[in-house]
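The values are calculated or read from the model by the stated rules, or taken from the named source; none is laboratory data. Not measured: the values here are computed from a predicted model. Don't worry about glycine lacking a Cβ; one is built from the backbone with ideal geometry, like all the others, and counts go over all protein chains shown. Note: accessible area is taken over every heavy atom of the protein model, side chains too, but ligands, DNA and RNA are not part of it. Shrake-Rupley method; radii C 1.70, N 1.55, O 1.52, S 1.80 Å.
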Amino acid sequence: MPVKNRFAELLPEITAWRRDFHQHPELLFDVHRTAGKVADLCRSFGCDEVVEGIGRTGVVAVIKGRSDNKGRVIGLRADMDALPIIEQTGVPYASQTPGKMHACGHDGHTAMLLGAAKYLAETRNFDGTVVCIFQPAEEGGGGGREMVKDGMLSRWGVQEVYGMHNMPGIPVGHFAIRPGAMMAAADQFEIVVTGKGGHAAKPHDCVDTTVVSAHIIVALQTIASRNVDPLKQVVVSVCTVETDSTAHNVIPQVVKMKGTVRTMDPKVQDFVEARIGQIVEGTALALGARAEVHYQRGYPVTINTPENTDFAAEVARKVSGHVDTDTPPLMGAEDFSFMLNERPGAYIFMGNGDTAMVHHPAYNFDDAAIPFGSSWYAEMAETRMPAA
Ligand SMILES: [Zn+2]
Ligand SMILES: [Zn+2]
């Protein structure tokens, strides 16, 4: 079965919503206009319940099927926030707010789920309940985590959750997924090295924090190369190095470094966190300095449950006929992981064609993908909860 015909009819309307969101990008939890429009549209579709302010600015829209014999409830999730990027697409519906841009296609995700909500509220051809989840702050703010903390999953009895992300490089109309780890955990760390500053010509009177930091940076690379099983994925990157000296002849007193850790396995994540502490403190001690590590956990690993992954792939196959079920995992992170930590479910990539990568100023969501995305969401409900 191809895309649902109804979405061919709804395409101009869904595209108009998408382009309106694109012109009015909002960051993190500050998605008031977007969330307001989402809630208004869901009410206009006749959704049974529309609640705003979940996880600060998230929206939940509940649609009941024609029957509810088995008490099934599935959650379909889209994200609403944009990025602090200066848009360079040149499209007529480009961002009207300089410095903010929908460069990750969340405008498309929100519009496609709205399209599915409109169709599902019209047809109700399923046995159970669909909970449409529109989350804020995917791009670093943990909006998914906040909605979970707010009790969203238990409040509406959500049993399974499904999410989707567009992906440049995959043809429009194609899907890609894998069971198990799909996206990485992303943590961040800050290291502060304290020594004894002084005259650069008298290093023997100083404890040179730049030399200590250089040893730490190199030693941290042994985590990936010497400590972690080569078959397990791990990234440890030191990304900023800052000293309190601006002169060519002053040894700094303090050096601060910041970086990121990406892992695919919670055991590796625990190990890396502990190992960074040992390496930093041990190296500083050996070279006569002091060092502290501030390690902060970010989004956890996005893990697709095998059974739900098979189901999401089967639905994608129905919709498009093209599904890669062994797509490589990405070392980027996704805060839908907080929902997948609480409930079984799956996260799937949908092709966005040959465009610039997400987070690039020339990235552009391809509206030709809308019928595939909306059909996938709607078909998830109808196939997972077939009408009696
Ligand atoms: Zn993004
Ligand atoms: Zn995104």
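Scanning region 148-170 for residues that are within 16 Å of ligand 1 (Cβ to nearest atom) and among the polar types (S, T, N, Q) returns a single hit, Asn166. Looking only at residues of region 79-132 that are at positive phi and not basic (Lys, Arg), we find that the one that is farthest from ligand 1 (Cβ to nearest atom) is Gly128. Considering region 155-229, the qualifying strands (runs of 3 or more DSSP E), each wholly inside and each with 2 or more residues that are in contact (Cβ under 8 Å) with a residue 24 or more places away in the chain and over 15 Å from Tyr347 (Cβ atoms), run over 185-194.
If you filter region 329-387 down to residues that are in contact with a Lys or Arg (Cβ under 8 Å, 6 or more places away or on another chain), closer than 25 Å to Arg6 by Cβ and not in a helix (DSSP H, G or I), you find that the one that is most open to solvent (accessible area, probe 1.4 Å) is Ala387.
Here are some residues: Ser237, Ser213. Which one is surrounded by fewer than 22 Cβ atoms within 10 Å (Cβ to Cβ) and among the hydroxyl-bearing types (Ser, Thr, Tyr)? Only one candidate passes the filter, namely Ser237. Checked across region 262-271, the condition of being of a type in the set (Phe, Trp, Tyr), under 25 Å from the mean Cα position of the chain (by Cα) and open to solvent by less than 30 Å² (accessible area, probe 1.4 Å) holds for no residue.
Kindly evaluate Met182 against the criterion of being open to solvent by 10 Å² or more (accessible area, probe 1.4 Å) and either within 16 Å of ligand 2 (Cβ to nearest atom) or of a type in the set (Val, Ile, Thr) (or both). No: the conditions fail for Met182.
Table: residues versus (1) buried (at least 17 other Cβ atoms within 10 Å of the Cβ); (2) on the phi < 0 side of the Ramachandran plot.
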residue: Pro252; (1), (2): yes, yes
residue: Met257; (1), (2): yes, yes
residue: Ala274; (1), (2): no, yes
residue: Gly288; (1), (2): no, no
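Just one of the numbered conditions (1) open to solvent by 40 Å² or more (accessible area, probe 1.4 Å); (2) farther than 27 Å from Lys318 by Cβ; (3) touching a Ser or Thr at 6+ places or on another chain (Cβ under 8 Å) is not true of Ala35: (1).
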